[in-house]
Amino acid sequence: MATAFSATLPLHGSSSQENRLLLPPTRLPPPPSSFLGSTRSLPFRRLNHAHAARRSPVVAVQEIVKEKKPTNPLLITKEEGLVLYEDMILGRSFEDMCAQMYYRGKMFGFVHLYNGQEAVSTGFIKLLTKSDSVVSTYRDHVHALSKGVSARAVMSELFGKVTGCCRGQGGSMHMFSKEHNMLGGFAFIGEGIPVATGAAFTSKYKREVLKQDCDDVTVAFFGDGTCNNGQFYECLNMAALYKLPIIFVVENNLWAIGMSHLRSTSDPEIWKKGPAFGMPGVHVDGMDVLKVREVAKEAVARARRGEGPTLVECETYRFRGHSLADPDELRDAAEKAKYAARDPITALKKYLIENKLANEGELKTIEKKIDELVEEAVEFADASPQPGRSQLLENVFADPKGFGIGPDGRYRCEDPKFTEGTAQV
């Protein structure tokens, strides 16, 4: 039976890769017990229905499990398909350029690239409105781009320039834009999940307490390694308890730096943790933007209707090492080749052409447009000025007159004696 959380036309055409929705007390028959691309089978343990039946808050969610009879066999229109393709090409081209600039010494510190995972960012974020919020991780460049932050602003931030979205003070792992409700990349594991939960609480408070017309939702992105940390569980509990309008998106790329997901958690099927807290849990092929988009549509719609949170596990894969400082020697070459053959951009391109939604010429025009956009972003970032020293202590101290500014009214960091530790406080 088709469900509200299943894509009817998977890009890769494999019935074993159907999305899995878990809603106690009734559940769909389990597919073969293995991850889509894993090299070993995983145990698939059924829920104890006697316990599941007592979770009444989830029973109400059964309304979302209805057979759908689509009138249009295609999952997207031509316009939607071109938007998805352009966003994914932007993400890939931007990250490839970041690698070039990093190795040329234009960027410093750790830079974590998103190559291979574009279907997740595009599948979710392109369904959101400007007032919806996104919270990311240290792998945040593409989430910011999908949310509408300009390539100029993101590249300038990576270059540490004053024209960056954080005026050069955030860098690779801290993309933020108040204008676009991009609430930040967060360097620490799990750090962004409480922020996202707070943003979702704000939306609910505006609607139910302040009686404002607010149906904003929040999407929190994080990885499989984060799901072993306490913030994850605490926020699932709070979100379910208050029925917050949030979607928890696990970008399970199977590796937490150099630790295999299969070795680091007692139950590798993260999606099953949702029902334990009273929310739907869904597993989706994160290499298929159309499947991700179908799941995202339902999860976002549930949140807007006030029906609470959803946990979505997107099984994906990064095509590069953990960061540009990682030689990527721990992952098996056969595993990397298997996922490279399932490139989400190549798959979408094939779908668009085979279904006559676009032709090669139209897609090449998009690719050329994005190449020029990224090149221009690099030129803009390179020509932009460095932040002034006076910016160093801005947004650091709650009382800048007591800490950041000396008796003469100038920033203490500009006093030559400041670095000697002898400046008057």
Which members of the range 342-369 meet the condition of being among the charged types (D, E, K, R) and either assigned to a helix (DSSP H, G or I) or in contact with a helix residue (DSSP H, G or I) (Cβ under 6 Å, 6 or more places away or on another chain) (or both)? Lys349, Lys350, Glu354, Glu360, Glu362, Lys364, Glu367, Lys368, Lys369
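Select the helices (runs of 4 or more DSSP H) contained entirely in the range 128-221, then report the ones holding at least 2 residues which are open to solvent by 10 Å² or more (accessible area, probe 1.4 Å), in contact with a helix residue (DSSP H, G or I) (Cβ under 8 Å, 6 or more places away or on another chain) and under 26 Å from Phe232 (Cβ atoms). Walk me through how you get there before you give the answer.
Values: elements: 141-146, 151-158, 192-208.
By residue number, 192-208.
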Residues of the range 287-314 being assigned to a helix (DSSP H, G or I) and over 26 Å from Tyr233 (Cβ atoms), in sequence order, are Val289, Leu290, Lys291, Arg293, Glu294, Lys297
Just a yes or no: is a residue in the range 354-361 in contact (Cβ under 8 Å) with a residue 40 or more places away in the chain and acidic (Asp, Glu)? no
Cβ pairs under 6 Å, 6+ apart or interchain, first in the range 233-257 and aromatic (Phe, Trp, Tyr), second outside any loop (DSSP other than H, G, I, E, B), ordered by first then second residue, are Phe248/Ala220; Phe248/Leu311
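Within the group Pro327, Pro387, which residue is at pLDDT below 95 and open to solvent by 60 Å² or more (accessible area, probe 1.4 Å)?
On inspection, the qualifying residue turns out to be Pro327.
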For Ala341, all conditions in the list (1) modelled with pLDDT of 95 or more; (2) buried (at least 17 other Cβ atoms within 10 Å of the Cβ) hold save one; what is the number of the exception? (2)
Selection from the range 344-362 of residues of a type in the set (A, V, I, L, M, F, W, C) and either within 25 Å of the chain's Cα centre (by Cα) or open to solvent by 80 Å² or more (accessible area, probe 1.4 Å) (or both) yields Ile345, Ala347, Leu348, Leu352
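Sort out which residues of the range 216-230 are of a type outside the set (A, V, I, L, M) and closer than 20 Å to Met182 by Cβ, and write them in order of number.
Asp216, Thr218, Phe221, Phe222, Gly223, Thr226
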Quick check: is even one residue across the range 104-119 of a type in the set (Ser, Thr, Tyr), touching a residue at least 60 places away in the same chain (Cβ under 8 Å) and either more than 15 Å from Tyr317 (Cα to Cα) or assigned to a helix (DSSP H, G or I) (or both)? no
Complete set of residues in the range 243-286 that are open to solvent by 10 Å² or more (accessible area, probe 1.4 Å) and in a helix (DSSP H, G or I): Leu262, Arg263, Ser264, Lys272, Lys273, Ala276
So for the range 309-318 (the condition being out of contact with any strand residue (DSSP E or B) (no Cβ under 6 Å at 6 or more places or on another chain) and hydrophobic (A, V, I, L, M, F, W, C)), does at least one residue qualify? no
Odd one out for Val312 among (1) closer than 30 Å to Val209 by Cβ; (2) open to solvent by 20 Å² or more (accessible area, probe 1.4 Å); (3) among the aliphatic types (A, V, I, L, M): (2)
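The values are calculated or read from the model by the stated rules, or taken from the named source; none is laboratory data. Every value quoted in this text rests on a predicted model; they were computed, and no experiment measured them. Cβ coordinates were reconstructed from backbone atoms using ideal geometry, including for glycine residues, and neighbour counts include every protein chain displayed. For the accessible areas, the whole protein counts, side chains as well, though only heavy atoms, and no ligand, DNA or RNA atoms are used. Shrake-Rupley method; radii C 1.70, N 1.55, O 1.52, S 1.80 Å.
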